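Coordinate-derived values only; no laboratory data. Everything quoted here is computed from the prediction, not taken from an experiment. All Cβ positions, glycine included, derive from the backbone under ideal geometry; neighbour counts span all protein chains shown.
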Amino acid sequence: GENVEQHPSTLSVQEGDSAVIKCTYSDSASNYFPWYKQELGKGPQLIIDIRSNVGEKKDQRIAVTLNKTAKHFSLHITETQPEDSAVYFCAASGPGGSYIPTFGRGTSLIVHP
Amino acid sequence: ETGVTQTPRHLVMGMTNKKSLKCEQHLGHNAMYWYKQSAKKPLELMFVYSLEERVENNSVPSRFSPECPNSSHLFLHLHTLQPEDSALYLCASSQDPGREQFFGPGTRLTVL
């Protein structure tokens with residue numbers, strides 16, 4: 001089955017800095033890669049996703065890049081703000097796993113004002 | 001809120017109790033999921049239903065029993081739980097497997 005590794009487990013940055021979270025996956029057939037943000041006391045919410053037919057996608061301060069050859073994808077947050085502090089999860093899904101997503105272990109991002 | 005509601009939000013139960021968690025989605029989705037989220041562990045998929053039929057069961061102990069009476073409702077029936085079952089139980093839905101998942105706020109379960 002699919003295996004998703006996520007690093008780092010904790011990331012601490014100063015407000016205004018950039019933050020990068022990286023994930024690798026094992027199943028070359030995976031073709032959908034969402035990123036979720038989970039704030040304290042809430043369920044995860046999708047913030048951005050990418051499909052295997054593109055290499056990069058941006059939405060304001062958030063971007064995701066995908067390298068299919070290397071089987072890794074990354075989340076980039078620029079100009080971080082204290083409200084970006086949360087736990088971020090990557091996931092991968094595809095036909096190999098009946099399209100059920102496999103999640104990474106999560107990254108706790110702390111943005112210091 | 002995301003259109004997925006869960007009740008109760010908090011539950012404390014003894015090991016001999018029987019309780020049920022409820023999830024409801026108002027998004028017209030075809031797939032619904034139960035996840036267990038423990039501290040310092042990844043999200044653990046428990047059950048997946050697609051069009052009201054169970055399509056995935058990740059070797060979950062029989063003390064957890066899911067029920068999906070229709071595409072909008074999902075239940076998790078609990079009986080004779082163990083303290084290590086204490087966790088946040090998250091429900092999610094998606095249009096179909098492989099599409100964006102919408103999560104509920106979760107039920108914080110404590111087993112004494």
### Rounded to the nearest 20 debye, dipole of region A:39-99 from Cβ charges on Lys, Arg, Asp, Glu
340 debye
### Message
If I histogram all Cα-Cα distances within chain A using bins 5 Å wide from 0, what percent of pairs lands in each bin?
### Response
2, 13, 24, 25, 19, 10, 5, 2, 0
### Message
What lysines does residue B:36 reach when the alpha-carbon gap must be under 25 Å and sequence neighbours fewer than 8 apart in one chain are set aside?
### Response
A:22, A:37, A:42, B:18, B:19, B:22
### Query
Using a Förster distance of 30 Å, how high is the FRET efficiency between residue A:79 and residue A:29, based on the Cβ-Cβ distance and rounded to 0.05?
0.25
### Extreme residue, positive dipole direction of chain A, given options A:28, A:78, A:90 (C-beta unit charges)
A:28
### Query
Where the only charges are on Cβ atoms (+1 Lys, Arg; -1 Asp, Glu), what is the dipole of chain B about its Cα centre, to the nearest 20 debye?
440 debye
### Query
If r is the Cβ-Cβ distance from residue B:51 to residue B:16 and R0 is 35 Å, what FRET efficiency results, to the nearest 0.05?
0.50
### Query
Once the Cβ-Cβ distance between residue A:54 and residue A:110 is put in as r, and R0 is 41 Å, what FRET efficiency do you end up with, to the nearest 0.05?
0.85
### Task
Classify chain B as rounded, prolate or oblate from the Cα gyration tensor: take a ≥ b ≥ c as the square roots of its eigenvalues, call it rounded if a/c is under 1.5, otherwise prolate when a/b beats b/c and oblate if not.
prolate
### Summary
Inverse of <1/r> over all distinct C-alpha pairs of the protein assembly as shown, i.e. the Kirkwood Rh in Å, gives 18.0 Å
### Query
Can you list the residues of region B:26-43 with backbone N under 12 Å from a point 7 Å past the Cα of residue B:73, pointing along Cα to Cβ?
none
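Per residue of B:32-43, what is the mean number of Cβ atoms on other protein chains within 10 angstrom of that residue's Cβ?
Details: counts 0, 2, 0, 3, 0, 6, 0, 0, 3, 2, 8, 11.
What the average comes to for B:32-43 is 3.
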